[in-house]
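Since the structure comes first, as structure tokens, the remarks are kept for the end.
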Amino acid sequence: AATGTLFVVAAGNSGPRAESVGTPGAADAALTVAATQKDDALASFSSRGPRLDGAIKPDIAAPGQHIAAARAEGTAMCESETSCVQPEDGPVDENYTKASGTSMATPHIAGAAAVVAQQHPEWTAGQLKAALMSTAKDTGRTPYEQGAGRVDVARADRQRVFAATPNLDFGIVPAGQPPAGKEITYTNLGDRPVTLTLTPTLRGSGGDLVEGALAVDRTVTVPAGGTASVTATLDVDGLTNGRYTGALVAADDATGTRLTTPIGLAREPAQVALTVRTLNSQGEPADPGGTVSLLDVAGDRGSLTGRLVRQDAGVYRARISLGRYQVSAPTVWADELSRPNIGWLLAPEVTVDGDTEVVLDA
């Protein structure tokens, strides 16, 4: 925000586990990169989304498996194929080595951003990010795996129409929420108006196509040298609980324009407030000696620690579904001889059937 720089960040190599995109790639403003194989299949190690709060991550993908790159004299990421994490990786000759990881995919995106920035030096970091995402190639994976798709720098270089909105991210949508609208804006750098045909698709976690939940105008005309916006409206009334992903494709066959905007959401039951208060050994409100952890022990959602937001010293809150949860936190204190002590505060099974408060008292 201070410098206007676009930060291109590796998603991480903790795949195929969901919710495994790490910091700083979890940041909204980052252009977060997943890794593909050279045939566009997703690399098994590439970290997956969604983010802990349900948001779409990663944002885009690039080749990241068995990538040959320059190496400094006398260095090697691994000495031979048998000592590498991925088969086929290792030194190619004295100047090059092959390696695999989202860190090998990320320079492809940084280079693509540099190419687009040379074409459009006045663009902001957000415009560069949205342009690369909207012109990416859909590889058939969900936005929580590939983001918008595999980068297509040739399309980003030659196309004159871009999406200025990186995604349609509805996050976690509780049951009973009224229809929600999100605006998407298109930019036309050309000297003629372009009429885009808009095609939204939404699929459940099993891959089944969902009809009627997402509504958007059929077409939008983007004036020459200008912008135009449309609103995509989501109605969750007919959706069962679970994750849904898709894309809004905007195309104009006459000019060869094709833009893809990823869509993501998680539909959950109605949510209530959970407040966790942590008290130190003197019974005073105080932050614990580590993370306040929240675990779904009755359902299948696992850790929900990322839902807890610190409100004040020793006060944490989250919006969660009805159910049973384990709440825990470490506590650290010094005894009368100034020796450090570590304890574990644990509420092993808390029934949440409405707004609930839990006190972890050292």
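The values are calculated or read from the model by the stated rules, or taken from the named source; none is laboratory data. Just so it is clear, the model here is predicted, and its values are computed rather than measured. Note: ideal-geometry Cβ built from the backbone for every residue, glycine included; neighbour counts use all protein chains shown. Heavy atoms of the whole protein, side chains included, go into the accessibility calculation; ligands, DNA and RNA do not. Shrake-Rupley method; radii C 1.70, N 1.55, O 1.52, S 1.80 Å.
Of all the options 71, 339, 319, the one that moves most in a Gaussian network model of the chain with Cα springs shorter than 10 angstrom is 339.
In square angstrom, what is the accessible area per residue of the chain with a 1.4 angstrom probe?
Numbers: 17460 Å² over 362 residues.
Dividing the accessible area of the chain by its residue count gives 48 Å².
Excluding same-chain neighbours fewer than eight residues apart, the lysines reachable from residue 57 by a Cα-Cα span under 16 Å are 129.
If a/c stays under 1.5 just call it rounded; otherwise compare a/b with b/c (prolate if a/b is bigger, oblate if not). Do that for the chain, with a ≥ b ≥ c from the square roots of the Cα gyration tensor eigenvalues. Write down the numbers at each step before the final one.
Working: a/c = 2.15, a/b = 1.31, b/c = 1.64.
Because a/c hits 1.5 or more and a/b fails to exceed b/c, the chain counts as oblate.
Here the label points at residue 189 and residue 154, each 7 Å from Cα along the C-beta direction, are separated by 1.8 nm in the simple model. Orientation-averaged projection of the stretch 164-211 equals 5.1 nm² [convex hull of Cα atoms, one quarter of hull surface area].
Our note on the geometry: Cα centres of the stretch 105-161 and the stretch 186-213, 17 Å apart.
Under a model in which nothing but the beta-carbon of Lys, Arg (+1) and Asp, Glu (-1) is charged, the stretch 140-256 shows a dipole of about 280 debye around its Cα centre.
Which of the peptides 178-191, 121-134 is most tightly packed, and how do the rest follow, judged by the mean count of other Cβ atoms within 10 Å per residue?
Working: 178-191: 15.5, 121-134: 20.1.
Per-residue mean Cβ counts within 10 Å order the peptides as 121-134, 178-191.
Seen through its C-alpha gyration tensor, with square-root eigenvalues sorted a ≥ b ≥ c, the stretch 70-191 comes out oblate because a/c lies at 1.5 or above while a/b is not bigger than b/c. Think of it as helices only: each DSSP H run of n ≥ 4 in the chain is worth -39500 (n - 2.57), and spread over all residues that comes to -3000 deg cm²/dmol at 222 nm. Think of the chain as a dipole: +1 on every Lys or Arg Cβ, -1 on every Asp or Glu Cβ, centred on the Cα centre; then among 271, 104, 209, 209 lies furthest on the positive end. The C-alpha atoms of the chain define a longest principal axis, and helix 125-134 lies at about 70 degrees to it.
Computed from Cα atoms, the angle from the helix 102-119 axis to the main principal axis of the chain rounds to 50 degrees. Ignoring ligands, DNA and RNA, please state the percent of accessible area on the chain from carbon and sulfur, probe 1.4 Å. Summing carbon and sulfur atoms, their accessible area is 50 percent of the total for the chain.
Calculate, in nm to one decimal, what residue 311 and residue 215 gain on full extension: separation in residues at 0.36 nm each, minus their alpha carbon distance.
Details: separation 96, 0.36 × 96 = 34.56 nm, distance 3.66 nm.
Result: 30.9 nm gained on full extension.
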